[in-house]
Every structure is written in C-alpha cells, then in structure tokens.
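Colleague: Got a structure for you, written out below as structure tokens; questions coming shortly.
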Amino acid sequence: MKAYSRSKLCNILFTRELARRLHGTGVTANCLHPGFVATRFGDQSGAFMSRVVWVAKFFAISPARGAQTIVYLASSPDAAKTTGKYFYESVPVIPSPPAQDDQAALLLWQRSAALAHMNE
C-alpha cells in the first residue's frame, strides 16, 4: 500500500508540473481518483489478502461508475477549461499537502526526464 500511495502522489505531482509546462498552449492535463472500483486489483495478493480484497469489493463501485470521471474529463467542455487539477467524482478537489508541493513536482519531473534519458 505504501508503494501504491506513493505512485498516486507522483501522478498528482507529475500532472501539476505537466500542466504548468503546458500553460498557454490550450492543452490541459488533469488527474483523478476514480474511487474504490471493483476491478481485479489485488486478486492475486496471496491467500489472506486475496480474501480481504474479495470482501472489500462488496463495498466497491462498478467499473462503469469508476470510469465516469475519466469520461467527464475527456468530453466535458467545462473540463476543457481546467488544467492541473485533481478530480474525484467529476469535481476538482484539493489534494493532500504533499501533492501541492511545486518543488517536489519539479524535482519529480526532472528525475523522470533523467531516468528516461530525455533532455529538457
């Protein structure tokens, strides 16, 4: 879960930096949390965890409902005017304080570019 949480934090940070870099181009970049969706995620986590995941899925939303925010961001004229935001249930929400760290977003971008052997 720690690695998963960090990957989600990086998604938000990377999106914020991408939006900053695309400012004024007419291209938008947003990210989202789809909610707890009943997917196959965690199904093969091992005996105990697989059972926990199986039970938890009774409280999860359908994949169709989980996709609603993605569809909204891809098709809404209102969303086309918004960039650098984090969405939940098709509404921009304020991410955690670490996800609002512009210096961390820049550092993540720079390290990602270096790992990919890309010049800025």
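Colleague: How many residues are more than 19 Å from ALA29 (Cβ to Cβ) and open to solvent by 50 Å² or more (accessible area, probe 1.4 Å) when one looks only at the stretch 51-83?
Modeller: The qualifying residues number 11.
Colleague: Within the stretch 19-38, how many residues are outside any loop (DSSP other than H, G, I, E, B) and touching a Gly at 6+ places or on another chain (Cβ under 8 Å)?
Modeller: 3
Colleague: Within the set of pairs 6 or more residues apart or between chains, which connect a residue that is farther than 11 Å from LEU13 by Cβ and part of a helix (DSSP H, G or I) inside the stretch 99-120 to a residue that is of a type outside the set (D, E, K, R) and at pLDDT below 95 with Cβ atoms less than 8 Å apart?
Modeller: ALA113/ASN119
Colleague: Can you pull out every residue in the stretch 58-91 that is in contact (Cβ under 8 Å) with a residue 12 or more places away in the chain and part of a strand (DSSP E or B)?
Modeller: ILE61, TYR86, PHE87, TYR88
Colleague: Across the stretch 22-50, what is the total count of residues that are at pLDDT 95 or above and open to solvent by 90 Å² or more (accessible area, probe 1.4 Å)?
Modeller: Residues that pass the stated criteria total 1.
Colleague: Find the residue count for the stretch 98-115, including only residues that are surrounded by fewer than 13 Cβ atoms within 10 Å (Cβ to Cβ) and under 15 Å from the mean Cα position of the chain (by Cα).
Modeller: Here the count works out to 1.
The values are calculated or read from the model by the stated rules, or taken from the named source; none is laboratory data. Only a predicted model underlies this, so the values are computations on that prediction, with no experimental measurement involved. For neighbour counting, all protein chains shown are included, and Cβ atoms are generated from backbone atoms with ideal geometry for every residue, glycine included. Side chains are part of the model used for accessible areas, which takes the heavy atoms of the whole protein and leaves out ligands, DNA and RNA. Shrake-Rupley method; radii C 1.70, N 1.55, O 1.52, S 1.80 Å.
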